[in-house]
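Q: Shown below is the structure under consideration.
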Amino acid sequence: MGIAPEGTRSQSGHWRTGFYYIANLAQVPIVFGYLDYARKVGGLGPVMHTTGNIEADMKVIREFYSGITAKYPHKVGGIIVSQRAWHQNSRNDNG
């Protein structure tokens, strides 16, 4: 299954985290796919197994995608966890 982490075709301030939680709960890896418009190449990157620590895992994801140029770079949201997702994750960890 392929899921676009930004979750929208319009500009977004951050990536959605549903892809992360789906992979984490299903205990399946995330495979990094990309289309680099600057170099005119696409492909698959590394395979990552989630740790359950979304902040640490998103850092790994952010590092990989830092060298990839989107078709519309001005519309790309940051690879960060939104405050809403962070709050929801904290609430789920505490019961």
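Q: Failed condition for residue 40, given (1) closer than 17 Å to residue 3 by Cβ; (2) exposed (fewer than 15 other Cβ atoms within 10 Å of the Cβ); (3) charged (D, E, K, R), with all others met?
A: (1)
Q: What number of residues within segment 46-76 are in contact (Cβ under 8 Å) with a residue 40 or more places away in the chain and in contact with a strand residue (DSSP E or B) (Cβ under 6 Å, 6 or more places away or on another chain)?
A: Selection size over segment 46-76: 0.
Q: Are any residues in segment 29-70 under 20 Å from residue 81 (Cα atoms), among the hydrophobic types (A, V, I, L, M, F, W, C) and part of a loop (DSSP other than H, G, I, E, B), and if so, which ones?
A: If the condition is that a residue be under 20 Å from residue 81 (Cα atoms), among the hydrophobic types (A, V, I, L, M, F, W, C) and part of a loop (DSSP other than H, G, I, E, B), then 68, 70 are the ones that fit.
Q: Based on what the data block shows, is residue 17 polar (S, T, N, Q) and at pLDDT below 95?
A: yes
Q: Now, a different point. Restricted to segment 44-95, and to residues that are of a type in the set (D, E, K, R) and at pLDDT below 70, which residue is nearest to residue 2 (Cα to Cα)?
A: Only one residue fits best here, namely 84.
The values are calculated or read from the model by the stated rules, or taken from the named source; none is laboratory data. All values reported here derive from a predicted model rather than from experimental measurement. Virtual Cβ from ideal backbone geometry, glycine too; neighbours counted across all protein chains shown.
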